[in-house]
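Undergrad: Following this message is one structure expressed as structure tokens.
What follows is calculated from the coordinates using simple rules that are stated; it is not laboratory data. This is a predicted model, so every value here is computed, not measured. Heads up, the Cβs are rebuilt from the backbone with ideal geometry, glycines too, and the neighbour counts pull from every protein chain shown.
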């Protein structure tokens, strides 16, 4: 008998005022797996994560977490259930130090020794944060703030992490570094992840399974390996990224000629 999904969404509909942003979305995330949701700007990806985490209420449909309905519950109840949302734009607390931001990630916990252990675990995956532990978060680079946002989410010991555009605004080298760390967290610690991304190549290289959204609907789904072989994915998502990579390589080559 197949294992029940950790997170299951059934026929979800969410509105921004009179506009339907999510149109009958259904998907599953199984324990220990990474699921990527691809799509262009305006596809509904961020709205989907906000609906799961309780920031927005759906008009219709079900969100089942560990078999229990959570749609419409307050965000703090959803966090305590084990769902952590790492938002687009990082949203760290800029006037607090790195350590203070991490401490806030564990605000639902009382086990001091375990919290200290998890903070050290975060520092082992993100050594630059250990070096800057007493530095105000607002003075970190964009990549370091993204690392801090992920680390802060890990401090809850989440059952699942929802990651919104973790590559946004970062250089290709930083994107590669962060996605490598996410892969290690999934492989070594067993963190289940659902991420929404426009960087299709990075997302599908990380993911086990994937979904493609357009105009609030799921239009394609399957294993990440199968999606990477899809001609539609290659033409509409991977093609643009590969063209960008080719341009970057040409630029680097020109620099070496000087």
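Undergrad: Considering only the range 77-99, state which residues are out of contact with any helix residue (DSSP H, G or I) (no Cβ under 6 Å at 6 or more places or on another chain), more than 20 Å from residue 163 (Cβ to Cβ), loosely packed, with under 15 Cβ neighbours inside 10 Å and touching a residue at least 24 places away in the same chain (Cβ under 8 Å).
TA: Scanning the range 77-99 gives a single hit, 95.
Undergrad: Any idea which of 213, 220 is buried (at least 19 other Cβ atoms within 10 Å of the Cβ) and either closer than 22 Å to residue 47 by Cα or touching a strand residue (DSSP E or B) at 6+ places or on another chain (Cβ under 6 Å) (or both)?
TA: Details: 220 fails: buried (at least 19 other Cβ atoms within 10 Å of the Cβ).
Unique residue meeting the criteria: 213.
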